[in-house]
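Quick notes on the structure that follows.
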DNA sequence: TTCACGATTCTA
DNA sequence: AGAATCGTGAAG
């Protein structure tokens, strides 16, 4: 459960994105217990990409994305949901990795299957925006357990955007049932129930 | 001040 | 397939 060091995030979003699949999102609850899940799906966004929030202008709401790497960037989507990114690369360059889905032990497999559901389950809101992901805050990221090394990654296109929709900047764990939306033709073998062992093993 | 549009989710 | 729902950025 030790945090990933900040240097890990000082790389392009398209490098950090796939590495983050299999890592854990951890949050310390008010009662002191730890809530955690395995990240099973991510997407990368960079300033030179029309779909990126930092593509057009630096504003108060996307300011965090332009700031130093290793922080949470939380924004409001459709006025209803929150979505969480991890800021990557370098200062003054807007880029980040969107955390799209996670698998939680002993919980319904779809409870965090989507960026809005993930933030809902972990209780992340705009008040977590700008907070470090490296352990100084009540939420942080932990490395992928050795038992989950070299996860079978699917590389595919991003979801819910109109521009840059053909770029291969989404990654997910093929064996997970907690992925928000699978790529066309990628079916999970019916007998495989990897989501539960995944959470167990990672614990 | 107004208007159109989502890095979504749920329901039919 | 379509609605719900409202923060945000660009236009006026």
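Readers should treat all values here as calculations from the given coordinates under stated rules, not as data from a laboratory. Because the structure is predicted, anything quoted here is derived from the model rather than measured. Backbone-built Cβ (ideal geometry, glycine too); neighbour counts: all protein chains shown.
At 222 nm, what value in deg cm²/dmol follows for chain A if DSSP H runs of at least 4 each add -39500 (n - 2.57) and the sum is divided by all its residues, to the nearest 500?
One gets -3500 deg cm²/dmol as the mean residue ellipticity at 222 nm.
If neighbour count is taken as other Cβ atoms inside 10 Å, put A:182, A:126 in order from fewest to most.
On the way: A:182 16, A:126 11.
Ranked by crowding around the Cβ, least crowded first: A:126, A:182.
For A:77, A:176, A:33, what's the fewest-to-most ordering of other Cβ within 10 Å of each Cβ?
A:33, A:77, A:176
Cut-off is 10 Å between beta-carbons; in what order do A:15, A:38, A:111, A:84 appear when sorted fewest neighbours first?
A:15, A:111, A:84, A:38
Mean separation of Cα pairs under 8 Å and 6+ residues apart, divided by the residue count of chain A: what relative contact order is that in percent?
26 percent
Cα gyration tensor of chain A, axes a ≥ b ≥ c as square roots of the eigenvalues: rounded (a/c below 1.5), prolate (a/b > b/c) or oblate?
Taking the square roots of the gyration eigenvalues as a ≥ b ≥ c, chain A is oblate.
GNM on chain A, C-alpha springs below 10 Å: top fluctuator among A:149, A:85, A:62?
A:149
Could you give the nm distance between label points at residue A:126 and residue A:92, where each point is 7 Å from its Cα heading toward the beta carbon?
According to this spin-label approximation, the distance is 2.8 nm.
For the pair residue A:76/residue A:165, report the inter-label distance in nm, with labels modelled 7 Å from Cα in the Cβ direction.
Placing both labels 7 Å along Cα→Cβ, they lie 2.7 nm apart.
Using a Gaussian network for chain A with springs between C-alpha atoms less than 10 Å apart, which of these wobbles most: A:141, A:124, A:20?
Top of the fluctuation ranking is A:124.
Picking from A:56, A:110, A:174, which is most flexible by a Gaussian network model of chain A using Cα springs under 10 Å?
A:56
Taking 0.36 nm per residue of separation and subtracting the Cα-Cα distance, what length does fully extending residue A:147 through residue A:29 add?
Length difference between fully extended and current span is 39.9 nm.
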